[in-house]
Amino acid sequence: MSGKVSRQILLYGIVCLAILLVPVFVEDAFLLNKYARYLIFGMLAIALSLSWGYAGILNLGQATTFGIGSYCMAMFLKLKTVPIHTGSDGLPDFMVWNNVTELPWIWMPFHSMPFALLAGILVPALFAALLGWFMFGGRIAGVYAAIITLAAMVVVNLIIIDQQSYTGGFNGITDLAQFEMAGFTFDAYSASTYYLVAICLTVTLFLALAVSRSKTGLILQAVRDQEERVRFFGYDVALYKTFVFAFSAAIAGLAGMLYTIVMEFASPTFLGVPLSLSIVIWVAVGGRQSLVGAMLGAVLVTGVQGALSESEAFLETWTLVMGGLFVLIVLFMPKGMAGAFEALARRFPKAAPEGGARHATEQAPKSQPHLGGAL
């Protein structure tokens, strides 16, 4: 294992440890709930960083898979709700109001928690895989792929709103039971729920890091930089892009399920354009080619946004302040916070373990990078 990889793993470990220690110093239930939401947004940023930063796929519809995961969890928790919030035979209340007489077939499997958990991850991944097969198989890339992802999100959003009898329409799915697993009840405002989110974030971060450091990750980065050259070497570019697109969607689906547990409802706003564009901003601020940078960017931006929107001094102007901050970051830190820290680190020379070896390295001619060897 190289020194750079070791330092990267150490950095990720320190960040995750700091996140896990938050409940030790914060006892306020409202703050823990708020911080859990920020961490979920961090998971969303990791998902987009994988597809955009490492494969060059700008997904403007990342909220689609996030919303699908959210609704999968909401459907399960709605069927576990106490009878006072359901109609006859356990029908969700909004179905009763819309004269639905029996539970639709699509809701039936959500009586099972294992099915709901798998659906919240696999359904978004399958949706993304099908969309990716259509786009990347047809060699659609760049701005056209971004527009298609945005259009797909709008279509799914309209379907959920239109099918009010089965999805709750504009109101979404509310009055949910608390999530229970392995004998634990995860109250939205408890430390246990915060730990659930933090552990999922930690696992997601290191899993994404493993993918980015694997041969697949190296090929994806080569695709981002020189797609035609990678195709010339015989690699199925469409397959690799579809994989990372679906993997990113699976992470977003998991984040959506956690968000429903924390927020205690699911809403079509979770599949809205504002959220998708916000994810792009978070990743751009943190650094799209850094997983931990993107995650911290999401936590920082949403944290500052929450603080400004709750402040009396910025109650009317917080959106303007956030817009100004984003413009400044894009102008002066085009590679995000991670890029700025990396550039700062380069300013400090590192002492070589052996002076002669370092001198020989500096004197040796630099060879041109060879894509075939890297792949």
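Brief remarks follow.
- Relative to the longest principal axis of the Cα atoms of the chain, the long axis of helix 318-332 lies at roughly 20 degrees.
- With contacts taken as Cα pairs under 8 Å and at least 6 residues apart, the chain reaches a relative contact order of 31 percent.
- Pro334 sits among other residues whose Cβ lies under 14 Å from its own Cβ, and their net charge, with Lys and Arg +1 and Asp and Glu -1, is +1.
- Degrees between helix 336-346 axis and first principal axis of the chain (Cα, 0 to 90, nearest 10): 30 degrees
- Of Thr216, Thr101, Thr242, the one that fluctuates the most in a GNM where the chain has Cα springs shorter than 10 Å: Thr101
- Accessible area per residue for the chain is 52 Å², calculated with a 1.4 Å probe on protein heavy atoms, without ligands, DNA or RNA.
- Under the simplified labelling scheme, the Tyr189-Asp236 pair shows an inter-label distance of 5.1 nm, with each label point 7 Å from Cα along Cα→Cβ.
- If you take all other residues with their beta carbon under 12 Å from the beta carbon of Leu11, and give Lys and Arg +1 and Asp and Glu -1, the sum is +1.
- Fluctuation leader among Trp105, Trp133, Trp52 - the chain, Gaussian network, Cα springs under 10 angstrom: Trp105
- Between Leu328 and Asn171, the modelled label-to-label distance comes to 4.4 nm, taking each label 7 Å out from Cα in the direction of the beta carbon.
- Just the protein heavy atoms count here, and of the accessible area of the stretch 1-80 at 1.4 Å, carbon and sulfur take up 70 percent.
- Net charge of Cβ neighbours under 15 Å - reference Met75; Lys, Arg +1; Asp, Glu -1: -1
- Charge-dipole axis of the chain as Lys and Arg at +1 and Asp and Glu at -1 on Cβ define it, positive-most pick from Val273, Met95, Ser214: Ser214
- Using a Gaussian network model of the chain in which every pair of alpha carbons under 10 angstrom is joined by a spring, one finds that among Gly53, Gly293, Gly137 the greatest mean-square fluctuation is at Gly137.
- Cα gyration tensor shape of the stretch 109-181, rounded if a/c is under 1.5, else prolate or oblate by comparing a/b with b/c: oblate
- Of Lys4/Lys241; Lys34/Lys215; Lys80/Lys241; Lys34/Lys80; Lys78/Lys335, pairs whose Cα-Cα distance is over 31 Å: Lys34/Lys215; Lys80/Lys241; Lys78/Lys335
- Folded to 0 to 90 degrees: helix 143-162 orientation relative to the chain principal axis, Cα: 10 degrees
- Relative contact order %, the stretch 181-267, counting alpha carbon pairs below 8 Å whose residues are six or more apart: 38 percent
The values are calculated or read from the model by the stated rules, or taken from the named source; none is laboratory data. This one's a predicted model, so the numbers in the text were calculated from it and none came from an experiment. In this analysis, Cβ positions are derived from the backbone assuming ideal geometry, glycine residues included, and neighbour counts consider all displayed protein chains. For the accessible areas, the whole protein counts, side chains as well, though only heavy atoms, and no ligand, DNA or RNA atoms are used. Shrake-Rupley method; radii C 1.70, N 1.55, O 1.52, S 1.80 Å.
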